[in-house]
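Heads up, the thing below is written out as structure tokens.
The values are calculated or read from the model by the stated rules, or taken from the named source; none is laboratory data. Computed from a predicted model, the values in this text were never measured in an experiment. As a convention, Cβ positions derive from the backbone with ideal geometry for all residues, glycine included, and neighbour counts pool all protein chains shown. Ligands, DNA and RNA are excluded from the accessible area calculation, which covers all protein heavy atoms including side chains. Shrake-Rupley method; radii C 1.70, N 1.55, O 1.52, S 1.80 Å.
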Amino acid sequence: MAEHLASIFGTEKDRVNCPFYFKIGACRHGDRCSRLHTKPSISPTLLLSNMYQRPDMITPGVDPQGQPLDPSKIQDHFEDFYEDLFEELGKYGEIESLNICDNLADHMVGNVYAQFREEEHAAAALQNLSGRFYAGRPIIVDFSPVTDFREATCRQYEENVCNRGGYCNFMHLKKINKDLRRQLFGRRRRSRSRSRSPPRHRNHDDRPSGGGRGGGGYSDHRHSDRSRRPRSRSPARRSGRSRSPDGKRNRSPVREGSAERRAKIEQWNREKEAKSANATD
């Protein structure tokens, strides 16, 4: 019986847990959903809800003043945000993937999913980002059950044939150019190949509060009087050239499957409930 429940956990056959929440870490019904949204107590993936604010959010292709926007400037704005966020999250550990939704529905618009190589790194990032602000808006961060983005991504969107547009219930992930991707993720791979020692993480007080030119910038309500420092752009980023090394990058180890993750999450939640019950007694 236990094996059967674990095998259907988070699927359409599961009449208790919400399959959409398990697949994409969000549900259009929110708290009104008839099924449970069980948040994991630990996960390698963080969800930063509604964090990315695109410049044409009110009307696609038009700025808040009603002026048309060049698509290349919209993409530059997004890549500035992506690079700024990658550098900030990279202080806490190696990033496996960083995905940002282009969906328009309230429960998915601007959602950022940061998947770390290790769960401890995700926990450190969550602890340090909680209570902070970006571009004057509070950062809402939590563990996410999403570990396999292939199940969460809209394949029709990737083929440019999704007829639901921005209100699709699966992820429409914005893409960065290949040179920037090689620069950011290739740099991580090179650093790991040179040394197996853990990366040096700055203390909270050492972190710069400056942000990208796109109106970003991290701040903390406990240190809100600090002057902001502009983020410098690397020569490779400015020229659009890749600084990735010759040859193939090191491959990441194969992650456990969805069934194993479901079983682990279910076990963590049982342990959490048992601890709560013992504390109450």
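Looking across N103, N111, one residue alone is within 28 Å of R32 (Cα to Cα), more than 13 Å from the chain's Cα centre (by Cα) and surrounded by 21 or more Cβ atoms within 10 Å (Cβ to Cβ). It is N103.
Whenever a residue of region 48-66 is touching a residue at least 12 places away in the same chain (Cβ under 8 Å) and outside any loop (DSSP other than H, G, I, E, B), its partners that are exposed (fewer than 15 other Cβ atoms within 10 Å of the Cβ) and β-branched (V, I, T), lying with C-beta atoms within less than 8 angstrom and at least six residues away or across chains, give the pairs L48/I140. On inspection, G66 fails the criterion of being crowded, with 20+ Cβ neighbours inside 10 Å and on the phi > 0 side of the Ramachandran plot.
Kindly check whether there is at least one residue in region 159-171 that is touching a Ser or Thr at 6+ places or on another chain (Cβ under 7 Å) and either open to solvent by 10 Å² or more (accessible area, probe 1.4 Å) or farther than 19 Å from E88 by Cα (or both).
Taking region 159-171 as the starting set, the residues that turn out to be touching a Ser or Thr at 6+ places or on another chain (Cβ under 7 Å) are 170-171.
Narrowing further to those that are either open to solvent by 10 Å² or more (accessible area, probe 1.4 Å) or farther than 19 Å from E88 by Cα (or both): 170-171.
Yes.
Being surrounded by fewer than 16 Cβ atoms within 10 Å (Cβ to Cβ), in contact with a Leu (Cβ under 7 Å, 6 or more places away or on another chain) and under 23 Å from R28 (Cβ atoms) is true of D142. Do the conditions hold for S43, that is, is it farther than 24 Å from Q183 by Cα, among the small types (G, A, S), touching a helix residue (DSSP H, G or I) at 6+ places or on another chain (Cβ under 8 Å) and touching a residue at least 24 places away in the same chain (Cβ under 8 Å)? Criteria met by S43. Tally the residues that are assigned to a strand (DSSP E or B), under 11 Å from L47 (Cα atoms) and in contact with a Lys or Arg (Cβ under 8 Å, 6 or more places away or on another chain), restricting the search to region 119-154. The number of residues fulfilling the criteria is 2. Among all residues of region 107-115, there is none that is assigned to a helix (DSSP H, G or I), at negative phi and either in contact with a helix residue (DSSP H, G or I) (Cβ under 8 Å, 6 or more places away or on another chain) or at pLDDT 90 or above (or both).
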